[in-house]
Amino acid sequence: MSLPAGARSILDAAASLFSRTGFDAVSLSEIASRAGVCKANIFHHFDSKEALYLDVMREACKCHAEFAEQLLLEPLSSTEKLLRLVEFEFHDMFENEARTQLIFREVLNAGSGKGREIAENIFQRNCNAVIALFQEGVDRGEFRSELDPGIAAWMLGASEMMFFQNRNILSHMPGMGNATVPAEYAAKVVKTLLYGLLPDNADGVAVDAAQFQRKPT
């Protein structure tokens, strides 16, 4: 459903301001000024600053969730779906840097009182779709049967976040080579997720959480 022009300009202005300094540092007066409306007009479309922020976050995440959900319906291999998902997400991140920065700011802002609502009502939709994509690959026998779809989805998201946040220094990091180019980095991440660390002829290696527990001194 398309938004009225006034609501759209308010959302766009709020997204730009929130992405720079976060929720607490932005006033409704600043948002109104940036959107070219009066402050009262904000309350015509949104119940509160918190409601506006949640709608901004929902808008920011929506296209990723919609794309991943549509991929699940496509008659493609799970590997091709994963490649298309990563390609889309990297393209969208750099085409919409302010929106991406806003999403990552909230992900990293552990102290936010809105964190649970955002996680449960906004991020969850996208996360569920990506987990379902990995689960589909397991069910089809395209991915390893012991793959944890939830962990794989979080690893993928974390690698994308790290690239976006640190891309300006990657060229100075050892071993990165042409992985500083978004498309090359995306390809290497997908290849690592698909093929892992073990050589083709390696026997299965069992790993459990107990191996990572600190030994008594």
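The values are calculated or read from the model by the stated rules, or taken from the named source; none is laboratory data. Everything quoted here is computed from the prediction, not taken from an experiment. So basically every Cβ, Gly included, is an ideal-geometry build from the backbone, and we count neighbours across all protein chains shown. Side chains included, ligands, DNA and RNA excluded: accessible areas come from the protein's heavy atoms. Shrake-Rupley method; radii C 1.70, N 1.55, O 1.52, S 1.80 Å.
Matching residues to (1) open to solvent by less than 70 Å² (accessible area, probe 1.4 Å); (2) at pLDDT below 75; (3) closer than 21 Å to C63 by Cα:
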site: N126; (1), (2), (3): yes, no, yes
site: G137; (1), (2), (3): yes, no, no
site: R140; (1), (2), (3): no, no, no
site: A153; (1), (2), (3): yes, no, yes
site: I169; (1), (2), (3): no, no, no
site: G196; (1), (2), (3): yes, no, no
site: F212; (1), (2), (3): no, yes, no
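Taking the range 30-83 as the range and being over 24 Å from Q124 (Cβ atoms), among the β-branched types (V, I, T), crowded, with 18+ Cβ neighbours inside 10 Å and in contact (Cβ under 8 Å) with a residue 24 or more places away in the chain as the test, the residues that pass are V37, I42. Taking the conditions (1) in a loop (DSSP other than H, G, I, E, B); (2) at pLDDT below 75; (3) not basic (K, R) in turn, A179 satisfies each one other than (1).
In the range 88-106, the condition of being at pLDDT below 90, more than 22 Å from V189 (Cβ to Cβ) and acidic (D, E) is met by at least one residue. Selection of first residues in the range 163-191 that are at negative phi and of second residues that are modelled with pLDDT under 80 and small (G, A, S), restricted to Cβ pairs under 6 Å at least 6 apart or on distinct chains, gives the following pairs, ordered by first then second residue: T180/S171; Y185/A179; K188/A179. From the list S33, S16, S9, the lone residue that is polar (S, T, N, Q) and either in the same structural domain as E106 (by TED's automatic domain parsing) or over 20 Å from R99 (Cβ atoms) (or both) is S33. From the list E59, E69, the one residue that fits, being within 30 Å of L133 (Cβ to Cβ), at pLDDT below 90 and within 27 Å of the chain's Cα centre (by Cα), is E59. Considering (1) within 21 Å of H64 (Cα to Cα); (2) touching a residue at least 24 places away in the same chain (Cβ under 8 Å), the lone condition that E142 does not fulfil carries the number (1).
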